[in-house]
Amino acid sequence: MAKKKIIIGNWKMAPKEAREARRVFGAIKKTAGGLRGVQTVVCPPYIYISELIRQVSGHRCVMGAQDCFWSEEQAHTGEISASMLANMGVRYVIVGHSERRALGETNEEVAKKVAAVLKAGLTAVLCVGESERDEHGNYTAFIKTQIQESLSSMRKSSLENIIIAYEPIWAIGKSAQRAASVEDAIEVSILIKKVLSDMFHTEGAMNVPILYGGSVNPHNAEGFLGGGGIDGLLVGRASLDAPAFSEILIIASQA
Ligand code: PGA
């Protein structure tokens, strides 16, 4: 049987109102609930999680978070711990998104967050990706270092609770020139699997799902999912557009 595709919606800092969050999530859930071959994960802002999670039923469309803090100690004003998210019913946590790295998050902090997520019994969605593609191929060394340092303290038994999202920074968000090409994404997917195999020396490294993210929409989703080597998508802007995201989910179910 083909592996389930994993489609993650990262809502970032939107929508502005809870009512809109309920509406968009309800519409996504309706489509996602009918699709057997797709694991849908919606990552809203923290403040909407407790409300939206009441709409979750079954396993096809579950809730994720966009970040968490690495410590479980109380004295961290403004932060949210991985175990709080787990207790709320969240199943996945995005870690090391480029927009958080742009605010100063280091690989060392990302490693601590990955450890916290795994300790809480959740799946970590580790984001990696270069800011530019240089013709000398330095981006491959950059991605390799991101993975090695972000998973430095992880045991091989945790590989089954890790997803890696390749998100080239130049392809993310409104100012992106374009999505990466399918070839770019597959090339990096192979690189990621090689880095994991070299680090952990186990077959399990080959089974870690690799997602692509950066300007994914209903027009290019099929290319990424149909090419082989890409196990799912991390979708930003299009995940707040319920019809567009639903279309991506349907494409994933047929890929
Ligand atoms: P985008 O964002 O789909 O809006 O480019 C992707 C992401 O940052 O996860």
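The values are calculated or read from the model by the stated rules, or taken from the named source; none is laboratory data. Keep in mind that this is a model prediction, so the values were computed, not measured. So basically every Cβ, Gly included, is an ideal-geometry build from the backbone, and we count neighbours across all protein chains shown.
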Across the range 62-102, what is the number of residues that are more than 13 Å from residue 120 (Cα to Cα), surrounded by fewer than 17 Cβ atoms within 10 Å (Cβ to Cβ) and not aliphatic (A, V, I, L, M)? 6
When (1) within 14 Å of the ligand (Cβ to nearest atom); (2) over 16 Å from residue 214 (Cα atoms); (3) within 13 Å of the chain's Cα centre (by Cα) are applied to residue 114, the one that fails is (1)
Within the group 51, 72, 99, which residue is among the charged types (D, E, K, R) and closer than 23 Å to residue 215 by Cβ? 99
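A quick yes/no check of all residues on (1) crowded, with 17+ Cβ neighbours inside 10 Å; (2) in contact with a strand residue (DSSP E or B) (Cβ under 7 Å, 6 or more places away or on another chain); (3) at pLDDT 95 or above; (4) within 16 Å of residue 193 (Cβ to Cβ):
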site: 107; (1), (2), (3), (4): yes, no, yes, no
site: 118; (1), (2), (3), (4): yes, yes, yes, no
site: 128; (1), (2), (3), (4): yes, yes, yes, yes
site: 133; (1), (2), (3), (4): no, no, no, no
site: 136; (1), (2), (3), (4): no, no, no, no
site: 143; (1), (2), (3), (4): yes, yes, yes, yes
site: 148; (1), (2), (3), (4): no, no, yes, yes
site: 153; (1), (2), (3), (4): no, no, no, no
site: 164; (1), (2), (3), (4): yes, yes, yes, yes
